[in-house]
Each structure stands twice: as C-alpha cells, then as structure tokens.
Amino acid sequence: MGRYILSRVLQLLPVLWLITLIVFMIMHVLPGDPAELMLAGAEGGAITPERLRELHQEMGLDDPLVVQYLRFLGHAMIGDLGQSIRFRMPVTELILDRFASTLELAVFGLLVALLIGVPLGMLAALRQNTAIDTAAMGIAYVSASMPIYWLGLVSILIFSFILGWFPPAGGDGWQTLVLPAVTLGLVSSGLVARLIRSSMVEVLAEDYIRTSRAKGLPERLVLWRHGLKNALIPVVTMVGLQFGGMLAGAVVTETVFSRPGVGRLVVSAILAKDYPLVQGCIIFLATVYLTVNLAVDVAYAWLDPRIRYTV
Amino acid sequence: MAGPVASEALAAPVVAPASRGLRAPWVRRFLRNKGAVASLLVLLAWCVVALLGTRVVPYDPTETVDLARQPPSATYWFGTDLLGRDVFSRVLVGSQISLWLGFISVTLGAVPGVFLGLIAGYKGGWWDTVISRCMDALLAFPSILLALVVIVALGTSIENVMIAVGIATVPQYARLVRGSVLSIKQLPYVEAARVVGNRPWRIMLRHVLVNAYAPVVVLSTLQIGNAILIGSGLSFLGLGAQPPTPEWGLMSAEGREVLKRAWWISTFPGLAILTVVVACNLVGDGLRSAFDPRMRVEG
C-alpha cells in the first residue's frame, strides 16, 4: 500500500509540472504585452512609456521566457504565486482568503449530490423497468442537463423571492449556504443517480446476491450490506471527479450567489485582465483537483485491493 | 491522471456494425427507444428554427418593439426584456448561436482528438507516452477551467468560446479513441491488412478508424449538450457573447438584476437550453445502447 501511494504521488509530479508549463505558456507566449494589458486594465488606460518600462522591469518581462518560467516555478514551489496587479497583494494570500468559502460550497454540494443521487439511483435500480424507474431517471436526466446559473436563478426566484425561506445572496450563516449548495449538488445528483442505478443493477444480478437471498437473509440486509456496499465502489471514483467538477462549477455558482470564493475571484480576474491572479487561481484549482483525485484513487485501492496490482 | 482505472475501462472492444441503411440492427434498436426518437425530433425542430432564424420569429430580436419588462402575454409570449425586445423572438434566434456553438466546438474537439488518439493508440511507444501524458495533464483540468485558460489567451467573444470548449474536449476524444484503437489493432483483420503490405496510414484510416467510430459518435452527441452548457455558462459570466447578441446564457445574465420584478427574462432562455441538452443526452444514450449496450463513454 505504501509503495502504491508513493508511485501515485510520483506520477502526479510530472502532471503538475506540465500544468504550470501549459498555463504559464498560454499566459505569456500569445500576442499582446501583458504589462500593457495590465496597465490598460488596472490603471484606467493611462499607458506611458515610462510606466510600461517600469512594469517590464518589475515583472521581469525583459528576461528570456525560460528564465521567467523557472523563476515562476521556483516561487510556486514554495507557495508564492506572484503578485496580483489589481489588488496589489500576493496571489497566494488572495486565494487562501477565499478558498474556505469555495471548499465549504463544494463539500456541501457533494453532500447534496449524494443525498439526492444515491436514493434516487437505488430506487430506480430496485424498481427496474417500471414507471418509478422511468420517473427517477427522468428527474436525473433533467437535473444533469440544467445550466447551473439558470438553476441558481430559478432557486433564488422560488425560495428567496416567492417563499422567502433563504436570503438571495450575500450575508452570513448557514442559510446563505443552502441555495448555492443545492444548486451545485442537484446538477451532479443526476450523474450520481445514473451511475448508482447502473452499478446497482449489475450488482443485483451477481451470484452472491442470489446466495444471500437463498440463505434467507432479510431483504434489507441483502440490499444494504451486500448490494449498496458493492455498488458504491465505482461511485467513489466519480465522487472525486465530481468534487473537482464542483470546485470548477463554483465559478458559476459563486457568481450567481455573489459568494466570495476562488471561482468568483478567477472570473473577476479574467474580466480585469489580472493575469498573475488568473494564472495562480487556475494552477491552484488544478492542483487541488489533482490532489483530491489522488486521495480518491488511494481510497479506492484501499477499498478494493485488486486495483493496486493493475496500476 | 483522473483515474487510469476508469480510462482503461473505456477501451471496450467495440466493433461497430457496418451501416446497412434502415435495416441496420442499430437503427432498428434506436427506433424502438421512444425517448431517444422523441429527443431526436426535438433536436431536429430546434435545427429547423435555427436555420429559418429571423424568418420565423414574430418580432425583430434586436430591436425595441414595446415597453420594457412586460410580462408574458398573448402578444409577447415570453414577455419583453430590459430594452423592450421580444424575449420569445430572442430565444428562438438564440438557438442559432447555441447549436452552432455545439457543432463547431465538438468538431474542433473531435478532429484533433481522434487524430491524436489514433496516433497514440496505433503507433504506441514514444508517441503514445508523449500524447497520453499531455492529454492526462489536460484532463487534470475540469473542462470549464481549461476553457477559461483559452478564453484568457484569446479574449472574450463567442467564437473564442467555441474554440475554448473545443480544445477542452480534445483529451476526452484522444483517450476514448486511443482505447478503442488499442483493442482493434490486435484483431486479426488488422494484422492481415498489415501482412498484405498496406502502409500504416492506410491501415489507421481505412481499417482501424472506421471501426472505432461508434463511441466517437456517442461522445459527440453527449458533448454537443455539454458544450452548449459550458458555452452558455461562459456567456453568462460575461466571457462569451457580448450584447446585444441574443445568446441564451447572456440573456439569463441580463435578466439577473431584475429577477424579482421580471422573472421571464432569465428563465425562458434557460428552459430552451434545458430542452436542447436533455435531448442531446437522451439521443446520445439511445445511440450508445443501440450500438452496443456495454459501451462505456463518459460524456
């Protein structure tokens, strides 16, 4: 197990390196002088040659690209992602200030996805090929096909404006988390439900399910202990992917609900052409996503020891 | 990197049945699936609306026709927006952009993706290592993040959104095709083609690729829906279509500030997206089970 974890961590490093390279190159190789863009975006269009030269010096833009990249990589490894142009603050600090909010949203979103998706998928699998199955899968299809921003707006309309149960945006306390988490989670719940259904259908056809029924085990135990437990194994991988998807989906959700998170930070940074901040946010989110998936793969290998020998 | 276990599972040896007109077994299986057929009709209806465009709408979608923020009525079915434009006309014409975005970005993702997957799978060795590692790195990005990176590089416009979403889907095609090719190239007929002296390119295109098309078709159908979702999301954020374009995501964003007083401005464009995306998903899943029920394609 230790060797497996080590090998997975070692596989992660080149991918992380490639990500920094790709993001850095895209931000620097394409036409357009970043310093000029930044001056136009951040300082209201007052582009003087002196200021431009100054900024070039400040950002080290006159050095060869390779030197710039290595400098960036060296700083990134000790957690320094550079300075934001707009905020005049370290990018790392800006991200960490907001990450708790994004993490909270993603965790509760995932919880909502599982709380809705697992029962829905189970129900469909147990009532396979009946009207209940069709209805449950219909719900799953529709919820997986909704634009997140639209679901957010509709839920604000219904639960804030019409029913008055939750605040529409901003504010403190758990009430502000409910609508964003449900919005984010509902979209994923459709995928979870479909996966649970197909995996449960497969498991229910297994010999050991027939055996446990034949030996007179109560149906409740057959379904929960032998059925769901095995059906959940493929779901674990998906949970990791979904969690990453939620961190990214937060880009839209946070904007709709005006939540101060990393997703909203990156969108505002793009609109303000604050490239160091964009670069930092994207590398940060990709790293978190990769780390979560690594953790999930390890958990998967622990749950199902057959995996360790095939990777 | 995102689950090497899962990526191998995609490589189910799918040998698609050759098309034999309407009597091909997969066509018959597809036609028996009522949900999928109904969805296909919905998609065709949207295509007709998009092709006819401004010729079928009751009002000019970009001109003020009446007072702003009028609720839905017999005259203006979906009400009027902030500038007094007819929302119904704008939703109908908006289908042009969304469907176009779906087709273009899927093409931009599929063509290089299939090509890279074919090379990685067929050539193997060094080619495979380089291509697969790069694709893994790209897959490490959730596709909306990857699309954001491209938008940053190219600037905000609806054309760039199409390119961004296309690039973001390249690795999915590459991984899928690589998997199919790995299993197909072991088959005896490929070996036979090699033995009789065909050049590698000819084998790849004429013998391997034509038998790997089924999962590509399924993925493309599902991706059209995905692309429309991501693309309209980017437009909603202000990173895609710019006013006064009647784009569904942008229209929802425009109505956001007046949601309480004029709910119809934001809600109807979203409903339109919902019908298109649900239809794409049902058609995609219908095709998947018609081609081969065991096929695994993650849309």
Comparing B:ALA168, B:ALA137, B:ALA147 in a Gaussian network model of chain B (Cα, 10 Å), the one with the largest mean-square fluctuation is B:ALA137
Portion, in percent, of the accessible area of the protein assembly as shown that falls on carbon or sulfur, probe 1.4 Å: 66
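Counting heavy atoms of the protein chains only and a 1.4 Å probe, report the per residue accessible area for the stretch B:23-295 as a whole number of Å².
Working: 11200 Å² over 273 residues.
Heavy-atom SASA per residue in the stretch B:23-295 reads 41 Å².
When ranked by the protection proxy of mean other Cβ atoms within 10 Å per residue, highest first, what sequence do the peptides A:241-251, B:70-80 form? Display every interim value, and only then the final one.
Working: A:241-251: 25.8, B:70-80: 16.8.
Result, highest mean Cβ count within 10 Å first: A:241-251, B:70-80.
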To the nearest 10 degrees, the tilt of helix B:143-154 (Cα long axis) against the first principal axis of the alpha carbons of chain B is 70
Gaussian network model of chain B, Cα springs within a sub-10 Å range: biggest mean-square fluctuation belongs to which of B:GLN242, B:GLN223, B:GLN186? B:GLN186
Report the Cα centroid-to-centroid distance between the stretch B:73-150 and the stretch B:21-72 in angstrom, as an integer. 19
Hydropathy at least 1.0 by Kyte-Doolittle, axial extent at least 24 angstrom from the Cα trace: which helices of chain A, defined as entire DSSP H runs, fit? A:2-29, A:91-126, A:175-204, A:233-256, A:275-303
Just to confirm the number: angle between the C-alpha axis of helix B:34-52 and the first principal axis of chain B, 0 to 90 degrees, nearest 10? 60
Trypsin sites (Lys or Arg not before Pro) lying in DSSP loop within the stretch B:230-299, provided at most 13 other Cβ fall within 10 Å: B:LYS260, B:ARG261, B:ARG294
accessible surface per residue for chain A, probe 1.4 Å, DNA/RNA/ligands not counted, whole Å² -> 47
For the stretch A:92-310, what is the Kirkwood hydrodynamic radius in Å, using each pair of distinct C-alpha atoms? 18.9
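Would you kindly work out the equivalent ellipsoid of the stretch B:23-295 from its C-alpha gyration tensor and give its semi-axes, the square roots of five times the eigenvalues, largest first in whole Å?
Details: eigenvalues 343, 94, 34 Å².
After diagonalising the Cα gyration tensor, the semi-axes are 41, 22, 13 Å.
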Tell me the total accessible area that B and A bury against each other, 1.4 angstrom probe, in square angstrom rounded to 100. 4200
Mind running the shape call on the protein assembly as shown? Use the C-alpha gyration tensor, a ≥ b ≥ c as the square roots of the eigenvalues: rounded below 1.5 for a/c, prolate if a/b tops b/c, oblate otherwise. rounded
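With contacts defined as alpha carbon pairs under 8 Å and 6 or more residues apart, what's the relative contact order of the stretch A:176-283 in percent? Provide the component values of the computation, followed by the final result.
Working: 63 pairs, mean separation 25.1, N = 108.
It rounds to 23 percent for the stretch A:176-283.
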Using Cα atoms only, what is the angle between the long axis of helix B:263-291 and the major principal axis of chain B, expressed in degrees (0 to 90) to the nearest 10? 20
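The values are calculated or read from the model by the stated rules, or taken from the named source; none is laboratory data. All values derive from a computational prediction rather than experimental measurement. Heads up, the Cβs are rebuilt from the backbone with ideal geometry, glycines too, and the neighbour counts pull from every protein chain shown. Just the protein is used for accessible areas: all its heavy atoms, side chains included, with ligands, DNA and RNA removed. Shrake-Rupley method; radii C 1.70, N 1.55, O 1.52, S 1.80 Å.
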